[in-house]
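Down below is the structure, laid out as C-alpha cells.
Since every read-out is calculated from the coordinates, none of them should be taken as a lab result. Quantities reported herein were computed from a predicted structural model and do not represent experimental measurements.
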Amino acid sequence: MAERDALRAQLEGDLPKATRWLQRKVWRQAAALDRLNRRVVTQRFVLRTLDELGRSLTVAEYRAARDRVANDQLRARIDDPDAA
C-alpha cells in the first residue's frame, strides 16, 4: 500500500512525499544488503581460517584470527561469535 501511495503522490505532483518513501525503501534495502554482506564476509573468514587449520575453530581461536586481520574495515565486518 505504501508503494501505491508513493506512486499516487508522484502522479499528483507531491514529489517530496513520494521521494521520502522511496528513500526509506532504499535505506531498508541497503541495511538488508549490509547484513547479508557481513554474513558472507564472516563465512569466508571462517572458511579460510578452517582451511589453514584443517579442523574446527574454538571461540578463542576465532577471535585471535579475527584480530590478526590487517584491514581494519574488513575486521570490523567480521562478526563477533557472541554478538550473533
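Taking every C-alpha pair closer than 8 Å and separated by at least 6 residues, the mean separation divided by the residue count of the chain gives a relative contact order of 24 percent.
Once the Kirkwood radius over Cα pairs is known for region 2-77, the Stokes-Einstein relation at 37 °C and 0.692 mPa s delivers a diffusion coefficient of 211 µm²/s.
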